[in-house]
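Peer 1: Below you will find the structure I want to go over with you.
The values are calculated or read from the model by the stated rules, or taken from the named source; none is laboratory data. Remember, predicted model here, so these are calculated numbers, not experimental data. In this analysis, Cβ positions are derived from the backbone assuming ideal geometry, glycine residues included, and neighbour counts consider all displayed protein chains. SASA here: full protein model, heavy atoms, side chains in, ligands and nucleic acids out. Shrake-Rupley method; radii C 1.70, N 1.55, O 1.52, S 1.80 Å.
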Amino acid sequence: MTRRAALLFLLLAPLAAPLHAEVKRVVIIKLDGVPEHVLERELVRVDPLTHKSTLPWIDRVFAQGGTRLDNFYVRAISLSTPSWSMLDTGQHLQIHGNVEFDRFTGHVYDYMNFVPFYLNYARSHKVDMPGVQVLDEQKIPLLIDRFPYQDTYQSFQLYQRGVRWETLREALPHHFSHGFRDLLDEWTIGFELGNSVEVEAERELIEKLSDPSIRYLDYFTGDFDHLAHATSDVASQRLALQRIDALIGRVWTAIQASPLAAQTALAVVSDHGMNTEPGVYSQGYDLLHFFNSRAGGAHHVVTNRHPLDEFKFWGLDPLVSEVVTPSDESLYLKGEDDDYPTALLDLDGNERASVYLRNSAFNTLHILLKEINRSGIDPSIRRAAMLAFIHVVDGHRAEWQATLQQLSEELGAVRRAMEQQRTVVESEPKKWTKEQHDAGLDKAARRLAVQLDSWRDEERTYSAYVRCLSKLLALEPNDFDRRLNPEDLIPRRAMGDPNSVYDLENYVAGPAAGGLVLAPDGSLDFARSFERVNYPPLLASLSVRNNVQAALGSRPVDFLAVPTGNSIWLYAGEDKQAMILSRGNELRYLPVHGTEPAPFAPGLPLRLFEDENLAVPEAGREAWLNSWHSQLDWFHATHLAAYSNGMVALHEQFLPPRLAPHSEDRDAALLARFNQRRRRLAEPDFLIFANNHWNFNVRNFNPGGNHGSFLRASTHSILLFAGGADTGIPHHREVEEPYDSLSFVPTILDLVGLQDQAAELPGRPIQEVLQAEDALRK
């Protein structure tokens, strides 16, 4: 061979290799609550018996043979339901908590309760988990939806389509062969079907790997999260990770033996971290009974589970999604807790609580109406109360009238959609062939029926709210000549509109101790007639008398986060306030005192100014923090700090819900607006974040550890990639660049050749995973 020919051969030889990476199948192992710092601790530990890593399969498959992301974070709050929604869709947050409540109807979105879903599925009343139904209404597809139905396998999880009865049929006999006491013990720390379902799901997944037509497979395990909530013991957590390591080994071995081994990509991802530390017990604070107390507003409080002090046999009912804890100190609603709860709490998130309070104006109207109806009331006070009632209504007339008009239009569209849907549902087949079942056509038809049932319920409950609001706005002074029924004017079980910052600082909790008071001119003296609560300083100042752990302070509350239009007010004390301002893709951190700018100082919410890991020189921090920067610049600057991506995550947490894509048809537009409204009505008045190692989980205070905050231990999750020879996934690569939840789906789509779909999503694909593929393409 001549020199020229040899040179030509060397130049052309690379062309004999594949021109581009090829991923024909993706397998995803979803780990609930596995934190990066615990994984790293066990990965670098050498087992004294084997002289290998404590996690030998993760070390072999990912550390040596794949790509690891050192800085992968939850985009928003570190809770399972919101986190998995982003990891399963690649879209901005639409679901903001593990539980959400509708402010107008009291409807409970109990996203994590599997048992009612299974029972309703068996009765043909449901087809998908509640979170999936919400995303469908917003026209947001899951990652699994981007593959043909018959080409997928999905295990049991939060964003689950349908139910695999075969898996349950095989798993349940093994599970319920346990003793009755074992089942009760399991329910006290969170009911799940032991590991029986997971074992059966793993068997099915490995079986499916031998079928080359299956292109998407995922497997979920909550083993580590379940254990880490209960104990911070290193040895116990190590065993939980070793079980996951063995699972990964079995799946990887099955992949290597499969027909698509060279074209299969394996990803392992966790939804959030866990604030767990050896030797520290997570301390609980009971917010429920604080809000029950007179100091906290004497609220009748709704939660989605029974609190710990009601942990009797009936409290174990897995079908419960709404529990009212009445206040013995209620100032004007004693005995009316079922009809008129005034606070809704989502405490399932441990390091944070979502708080929904009944609109302060509704409280004022309710108090006034009770006084007007009271026998023996002084006529002058009754007249003043009547005029005050009309005055309050007039103060809200414009916004309530707009709500009434818009909701009436939307409900009209719902009714017309119901008529059309009923015709479609009635025309569907009553029996389905095996081929139709295999294609998922039976489930698609059932979704139409489920949507019809949902519309019926929504039309009924929102119409009840509309009727009350309509009567309230139509009220005339002479209507008070007869006794008015509060239920006709004040919607039952409704919180009404969100409270403003002013409302939260001047919240009407009941009549004043001395009753209604007249002003010198004979009108009602609003300042002296009502008992009020100023929630921000009250909550921020909560403390305990006995602090038995040196690692914990005496104050359970870190700060409050209150949405205020295009900004977020952070409150940790009168001298510790800040605003997160936003404009487009840019954010700014502004210390404030009330409504005025304030100087930077240590101790402000998120503690960025004094954080030694903030990637901004100390000399220029004040100017940098108080300037506009892109979200990516904030992420780069803060991800190593104590609150990691708290700035970006808080902005994400309070993003307004999207208006789903719709046709030019007016009814389609009204239905999209109605769904957007319902998402907006599921947002709380404010969030309370716990200080380090404190939590608010009144059902079970989880001594081992918790999550839900923006602390780095809770937001720092894991993401690992490995693949066969043709996938192009780099070997032995460690990625320092920070990424968040929005990057996961576009990266997967890029890997499987769906670049056009990836480009439509807001997140950055992880280029370090795709670089080898890009190099081959070039």
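Peer 1: State all residues of the stretch 31-50 that are in contact with a strand residue (DSSP E or B) (Cβ under 8 Å, 6 or more places away or on another chain) and assigned to a loop (DSSP other than H, G, I, E, B); if no residue qualifies, say none.
Peer 2: Matches in the stretch 31-50: Asp32, Gly33, Val34, Pro35, Arg45, Asp47.
Peer 1: A follow-up question, please. For Ala623, are the conditions met, namely being modelled with pLDDT under 95, among the hydrophobic types (A, V, I, L, M, F, W, C) and either open to solvent by 10 Å² or more (accessible area, probe 1.4 Å) or part of a loop (DSSP other than H, G, I, E, B) (or both)?
Peer 2: It is false that Ala623 is modelled with pLDDT under 95, among the hydrophobic types (A, V, I, L, M, F, W, C) and either open to solvent by 10 Å² or more (accessible area, probe 1.4 Å) or part of a loop (DSSP other than H, G, I, E, B) (or both).
One line per residue, one yes/no per condition, for (1) in a helix (DSSP H, G or I); (2) out of contact with any Lys or Arg (no Cβ under 8 Å at 6 or more places or on another chain); (3) aliphatic (A, V, I, L, M):
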position	(1), (2), (3)
Glu207	yes, yes, no
Leu227	yes, yes, yes
Leu247	yes, yes, yes
Gly279	no, yes, no
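Peer 1: To continue, here is another question. Within the stretch 111-166, can you find the residues that are on the phi > 0 side of the Ramachandran plot and modelled with pLDDT of 95 or more?
Peer 2: Lys139
Peer 1: Are any residues in the stretch 335-347 in a loop (DSSP other than H, G, I, E, B) and under 31 Å from the mean Cα position of the chain (by Cα), and if so, which ones?
Peer 2: If the condition is that a residue be in a loop (DSSP other than H, G, I, E, B) and under 31 Å from the mean Cα position of the chain (by Cα), then Glu336, Asp337, Asp338, Asp339, Tyr340, Pro341, Thr342, Leu347 are the ones that fit.
Peer 1: Moving on to the next point. Kindly evaluate Gly273 against the criterion of being part of a loop (DSSP other than H, G, I, E, B), in contact (Cβ under 8 Å) with a residue 12 or more places away in the chain and not aliphatic (A, V, I, L, M).
Peer 2: yes
Peer 1: Of all the residues that make up the stretch 123-157, how many are open to solvent by 30 Å² or more (accessible area, probe 1.4 Å) and either assigned to a loop (DSSP other than H, G, I, E, B) or without any contact (Cβ under 8 Å) to a residue 24 or more places away in the chain (or both)?
Peer 2: 9
Peer 1: Something else now. Which pairs have Cβ atoms under 8 Å, sit 6 or more apart or on different chains, and link a residue in the stretch 315-334 that is assigned to a helix (DSSP H, G or I) and open to solvent by 10 Å² or more (accessible area, probe 1.4 Å) to one that is at pLDDT below 95 and of a type outside the set (Lys, Arg)?
Peer 2: Qualifying pairs under 8 Å: Leu316/Leu184; Leu316/Trp187; Leu316/Thr188.
Peer 1: Working only within the stretch 592-608, note down all residues that are within 28 Å of the chain's Cα centre (by Cα) and surrounded by 17 or more Cβ atoms within 10 Å (Cβ to Cβ).
Peer 2: Matches in the stretch 592-608: Leu604, Pro605, Leu606, Arg607, Leu608.
Peer 1: State all residues of the stretch 420-435 that are closer than 26 Å to Trp455 by Cβ and either touching a Pro at 6+ places or on another chain (Cβ under 8 Å) or open to solvent by 100 Å² or more (accessible area, probe 1.4 Å) (or both); if no residue qualifies, say none.
Peer 2: The answer is Gln420, Glu426, Lys430, Lys431.
Peer 1: Restrict the check to the stretch 474-497 and report whether at least one residue is closer than 30 Å to Leu560 by Cβ, touching a strand residue (DSSP E or B) at 6+ places or on another chain (Cβ under 7 Å) and either of a type in the set (S, T, N, Q) or open to solvent by 30 Å² or more (accessible area, probe 1.4 Å) (or both).
Peer 2: no
Peer 1: What single numbered condition from (1) more than 30 Å from Ile77 (Cβ to Cβ); (2) buried (at least 16 other Cβ atoms within 10 Å of the Cβ) fails to hold for Ala402?
Peer 2: (2)
Peer 1: Also, I was wondering about something else. Six or more apart or on different chains, Cβ atoms under 6 Å: show the pairs whose first residue is in the stretch 94-108 and within 20 Å of Ser80 (Cα to Cα) and assigned to a strand (DSSP E or B) and whose second is acidic (Asp, Glu) and open to solvent by 10 Å² or more (accessible area, probe 1.4 Å).
Peer 2: Val99/Asp110; Val99/Asp348; Val108/Glu322
Peer 1: Of all residues in the stretch 356-379, count the ones that are in contact with a helix residue (DSSP H, G or I) (Cβ under 7 Å, 6 or more places away or on another chain) and acidic (Asp, Glu).
Peer 2: Of the residues in the stretch 356-379, 1 are in contact with a helix residue (DSSP H, G or I) (Cβ under 7 Å, 6 or more places away or on another chain) and acidic (Asp, Glu).
Peer 1: Can you name every residue in the stretch 462-512 that is over 30 Å from Trp569 (Cβ atoms), out of contact with any Asp or Glu (no Cβ under 6 Å at 6 or more places or on another chain), part of a loop (DSSP other than H, G, I, E, B) and not hydrophobic (A, V, I, L, M, F, W, C)?
Peer 2: Passing the criteria: Glu476, Arg482, Arg483, Asn485.
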